[in-house]
Amino acid sequence: MPSLAETLRELEEEARTALASVADLEALDSWRTTYLGRRGRLREVTRGLASLAPEERRQVGALANRVLEELEAAFGERRRQLEQEALARKLAEAALDVSLPGRPLLRGRLHPVTQTLRDVLAAFAALGFQVVEGPEVEWDYYNFEALLIPKDHPARDLWATLWIDYRRDGEMPMLLRTHTSPNQVRYMEKHRPPIRIVSPGRCYRYEATDPTHEWMLTQVEVLAVDEGISMADLKGTLAEVARRLFGTERRVRFRCEYYPFVEPGMDVLIDCFQCRGEGCRTCGQSGWIEILGSGMVHPRILANVGYDPERYTGFAAGLGIERIAMLRYGIDDIRLFYQNDLRFLEQF
Ligand code: PHE
């Protein structure tokens, strides 16, 4: 029969071998119970100490203590290893594959009409004009009456109107503004000359669409009132803005036109970017594209807002921003702007 000391050494040997093959923390736990637990193998062996002679008991007892301490130390070491391995596994499972290309962030951009609008406003701001806004749902009064377009006057047909179904005295006095010109009167009612304003906004018209007409459009109204303002100021201002927007190469044409609220009235046209003046679908075969209406503010309007028309004169203009954007970017159909097709919009 082997001595107790030999049994202890064999046990230590066996325990170390078993410990080396312990694969996870759970197995490690049962290893500890098996070898070092209160009913474990080491206790089992040391119970035999009682039957030894005192001298031998001391020696073998010391040996047993050393084996216990060393196995405890080995246990602690193994536990640290296993914990680290477990952590590494967990991290590996949760890890991102940083070698995959990232999902591209979709970057927004300004609509071409917004870009053009900002450039137009900036061009006027550089000439000293201030930006003022007005309502899109407008009274018949400001959209027509105050601009010298009375009820039943044929000039109303110049603007196919979307009426708001709200009746007063049997009439429908509310509408979606057909142009930004009502802001001229709104502003003059509240301010005195000198006036230099631009007023941007959406306008609406009840009309069939074609390459240069939409039922919704963006305008910028221009108004300057002061002593001594003349047609030369109007032409000079509009020509300067056209130069800023289109460069010096584009040809600009001024053409007499009738608008009830100006006298005289004038349109500004730019040579068609598609055909360079030859005549095509985009310009309706004329070679020119109208970008704005304008004229000298009618003296009666000045008088109606309490200005002395002998002392003050002014000019006004209404620019179509979509038309200008078409000319700048070479877009041949105005309807593209509001179809929300990203293939179109992402080009600007
Ligand atoms: N309001 C006119 C339109 O839409 C344009 C215009 C503005 C004409 C100012 C003359 C003066 O069509």
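Only one of the numbered conditions (1) under 37 Å from the mean Cα position of the chain (by Cα); (2) free of Cβ contacts under 8 Å to residues at least 12 places away in the same chain; (3) within 14 Å of the ligand (Cβ to nearest atom) is violated by D165, and that is (3). All told, L105 meets the bar of being exposed (fewer than 14 other Cβ atoms within 10 Å of the Cβ), without any contact (Cβ under 8 Å) to a residue 60 or more places away in the chain and either touching a strand residue (DSSP E or B) at 6+ places or on another chain (Cβ under 9 Å) or not assigned by TED's automatic domain parsing to the domain that holds R41 (or both).
More than 16 Å from the ligand (Cβ to nearest atom), free of Cβ contacts under 8 Å to residues at least 24 places away in the same chain and either outside any strand (DSSP E or B) or not polar (S, T, N, Q) (or both), is that true of A325? Quick ask: steps written out before the conclusion?
Numbers: more than 16 Å from the ligand (Cβ to nearest atom): yes; free of Cβ contacts under 8 Å to residues at least 24 places away in the same chain: no; either outside any strand (DSSP E or B) or not polar (S, T, N, Q) (or both): yes.
Answer is no for this residue.
Residue-level check: of (1) within 14 Å of the ligand (Cβ to nearest atom); (2) surrounded by fewer than 23 Cβ atoms within 10 Å (Cβ to Cβ); (3) not β-branched (V, I, T), Y307 misses just (1). For the range 74-127, which residues satisfy the criterion of being in a loop (DSSP other than H, G, I, E, B), under 30 Å from E221 (Cα atoms) and not hydrophobic (A, V, I, L, M, F, W, C)? Those that are in a loop (DSSP other than H, G, I, E, B), under 30 Å from E221 (Cα atoms) and not hydrophobic (A, V, I, L, M, F, W, C): G108, R109, H111. Select from the range 206-244 the residues that are charged (D, E, K, R) and buried (at least 19 other Cβ atoms within 10 Å of the Cβ) and write down the one among them that is farthest from the ligand (Cβ to nearest atom). Per the stated criteria, the residue is E214. Any residue that is touching a strand residue (DSSP E or B) at 6+ places or on another chain (Cβ under 6 Å) and within 30 Å of L336 (Cβ to Cβ) - is there at least one of those in the range 182-193? Within the range 182-193, one or more residues are touching a strand residue (DSSP E or B) at 6+ places or on another chain (Cβ under 6 Å) and within 30 Å of L336 (Cβ to Cβ). Restricting attention to the range 109-157, the residues that are closer than 19 Å to A316 by Cα, surrounded by 20 or more Cβ atoms within 10 Å (Cβ to Cβ) and of a type in the set (S, T, Y) total 1. For R186, the requirement of being loosely packed, with under 15 Cβ neighbours inside 10 Å and either modelled with pLDDT of 95 or more or in a loop (DSSP other than H, G, I, E, B) (or both) is not met.
Kindly indicate whether H179 is in contact with a Gly (Cβ under 7 Å, 6 or more places away or on another chain) and either more than 13 Å from the ligand (Cβ to nearest atom) or within 22 Å of G314 (Cα to Cα) (or both).
Working: in contact with a Gly (Cβ under 7 Å, 6 or more places away or on another chain): yes; either more than 13 Å from the ligand (Cβ to nearest atom) or within 22 Å of G314 (Cα to Cα) (or both): yes.
So H179 fits the description; yes.
The values are calculated or read from the model by the stated rules, or taken from the named source; none is laboratory data. Note that the structure is a prediction, hence the values are computed from the model and not measured. Ideal geometry is used to build each Cβ from the backbone, glycine not excepted, and the neighbour counts take in all protein chains shown.
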